[in-house]
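Inspection log for the structure reproduced underneath, given as structure tokens.
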Amino acid sequence: MTAVRIPGFRESRLPRLARRVPWRHVLTLIPLVLVAVIAVQHWPVLVEGFGHLRDASWPWLLAAGGATCLSWVAAAFTRQGAVVQPLPRWRLLATQLAAGSANHLLPTGLGSGAVNLRFMTVCGVPLATSSAALALYLLAESIARVGLTAVFFVAFPDALRLDGLLPDGGVGPVLAVAGALVVVAPAALLLVRRVREPLFRFVRSALGEARSVHTRPSRALALWGGSLAFPALQAGGLVAVGRALGLDVPPAHVALAYLAATVAVALIPTPGGLGSVEAALIVALVAAGGPVAVATAVVLAYRIITVWVPLLPGALTLGALVRLKVI
């Protein structure tokens with residue numbers, strides 16, 4: 001069959017323009033635009049947070065920044081531990097910085113998951129294996145965070161005091177509702193088919209990849225060591241910021257406040273937990289014995305260091321990785 005050009009026929013300008021647009025270059029700018037939009041929306045929070053940083057002890061703030069950087073290393077270890085195939089180390093580490101930025105621009109977990117899934121696919125990991133590795137990472141991180149929280153609750157049972165936050169007689173009903181949710185939520189997951197089937201597929205994928213990973217001790221160590229180190233480093237960063245701003249709460253209690261707050265808001269689908277994490281952390285620090293004003297200052301400064309300061313370099317790294325076809 002021979003294609004014949006019809007005289008007088010002109011190709012539409014729109015397809016020609018679409019082919020000429022450097023879409024990969026355009027994609028590199030999208031993260032920066034999203035960063036600017038979010039920064040404008042949260043401008044009063046940023047101004048207040050930076051204001052608190054001016055009066056803080058800088059050595060402790062640098063320690064908090066160091067803990068934040070090490071958390072990317074921990075995430076890289078966990079990602080590598082979730083897949084048997086070796087991944088390029090430095091590109092994997094850069095991807096975690098980019099994934100952290102993407103995670104604050106999209107609903108929690110979606111941005112980071114998409115970036116890492118694309119990275120593993122480009123590295124030659126089959127899509128089914130990449131998806132299973134992603135499921136295993138999320139499962140291991142959840143188990144480690146909840147387990148660490150439980151250990152701290154057992155070790156420091158009186159660290160969080162709700163009696164000062166609730167009216168008289170309010171602690172009992174709150175605990176009753178929490179207990180009911182613990183019972184009802186799993187039952188609902190098992191009874192609702194549309195929720196049960198994807199959940200079971202997720203768990204089966206994670207367990208299938210876990211069997212392969214745990215045949216190699218180095219991978220298992222990286223998976224669980226990184227999963228425990230990540231929340232521990234994040235909690236350590238909050239402790240350091242608290243020290244920098246003079247928060248008179250024992251470090252272990254501050255760490256428990258962080259763990260409890262992040263577990264409580266884990267299912268709230270806000271970009272990077274913006275808003276929900278701040279509120280939960282303030283409540284948790286007050287429950288741990290901190291004054292409301294100081295707790296608010298600590299949380300704002302902590303979120304500046306862990307979210308807003310890395311957001312721009314993370315977005316630039318994300319754009320560079322897209323342009324270089326690493327993801």
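The values are calculated or read from the model by the stated rules, or taken from the named source; none is laboratory data. What you see is a predicted model; the values in this text were computed from it and never measured. Backbone-built Cβ (ideal geometry, glycine too); neighbour counts: all protein chains shown. What goes into the accessible areas is simple: the full protein's heavy atoms, side chains included, and nothing from ligands, DNA or RNA. Shrake-Rupley method; radii C 1.70, N 1.55, O 1.52, S 1.80 Å.
Please find, within the range 182-225, the residue that is nearest to SER130 (Cα to Cα) out of those that are at pLDDT 80 or above and loosely packed, with under 12 Cβ neighbours inside 10 Å. Restricting to residues being at pLDDT 80 or above and loosely packed, with under 12 Cβ neighbours inside 10 Å, the top hit is ARG211.
Assess whether SER142 counts as being surrounded by fewer than 18 Cβ atoms within 10 Å (Cβ to Cβ) and among the polar types (S, T, N, Q). Against the criterion (surrounded by fewer than 18 Cβ atoms within 10 Å (Cβ to Cβ) and among the polar types (S, T, N, Q)), SER142 qualifies.
Residues checked against (1) closer than 30 Å to VAL298 by Cα; (2) not in a helix (DSSP H, G or I):
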residue	(1), (2)
THR78	yes, no
VAL83	no, yes
THR95	yes, no
HIS104	yes, no
SER112	yes, no
LEU134	no, no
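Being open to solvent by less than 40 Å² (accessible area, probe 1.4 Å) and more than 18 Å from ALA64 (Cβ to Cβ) is a property that holds for ALA280. Within the range 114-141, residues that are small (Gly, Ala, Ser) sit with their Cβ atoms under 8 Å from residues that are surrounded by fewer than 23 Cβ atoms within 10 Å (Cβ to Cβ) and not in a helix (DSSP H, G or I), at 6+ positions apart or across chains, in these pairs: ALA114/LEU106; GLY124/GLN85; ALA133/VAL125.
Can you find, within the range 43-62, the residue that is modelled with the lowest pLDDT among those that are open to solvent by less than 50 Å² (accessible area, probe 1.4 Å) and touching a helix residue (DSSP H, G or I) at 6+ places or on another chain (Cβ under 7 Å)?
Quick first cut of the range 43-62, residues open to solvent by less than 50 Å² (accessible area, probe 1.4 Å) only: 46, 49, 51, 53, 56-57, 61.
Now restrict to residues that are touching a helix residue (DSSP H, G or I) at 6+ places or on another chain (Cβ under 7 Å): 46, 49, 53, 56-57, 61.
Details: LEU46: 61, GLY49: 65, LEU53: 73, ALA56: 80, SER57: 85, LEU61: 90.
Here the residue is LEU46.
Is at least one residue of the range 250-260 in a helix (DSSP H, G or I), of a type in the set (A, V, I, L, M) and either on the phi > 0 side of the Ramachandran plot or over 19 Å from the mean Cα position of the chain (by Cα) (or both)? Checking the range 250-260: at least one residue is in a helix (DSSP H, G or I), of a type in the set (A, V, I, L, M) and either on the phi > 0 side of the Ramachandran plot or over 19 Å from the mean Cα position of the chain (by Cα) (or both).
If you go through the range 77-112 and keep only what is open to solvent by 10 Å² or more (accessible area, probe 1.4 Å), small (Gly, Ala, Ser) and closer than 25 Å to ALA210 by Cβ, you end up with GLY100, GLY109, SER112. Scan the range 116-132 for residues that are open to solvent by less than 40 Å² (accessible area, probe 1.4 Å), at pLDDT 90 or above and either under 14 Å from VAL84 (Cα atoms) or of a type in the set (A, V, I, L, M) (or both) and report the count. Number of matching residues: 2.
Entry remark, the range 285-318: residues being part of a helix (DSSP H, G or I) and more than 19 Å from the chain's Cα centre (by Cα) number 10 in total.
Of note, LEU233 satisfies the criterion of being open to solvent by 20 Å² or more (accessible area, probe 1.4 Å), out of contact with any Gly (no Cβ under 6 Å at 6 or more places or on another chain) and of a type in the set (A, V, I, L, M). Taken as a whole, the structure leaves LEU110 outside the set of residues that are within 24 Å of VAL263 (Cα to Cα) and touching a residue at least 60 places away in the same chain (Cβ under 8 Å).
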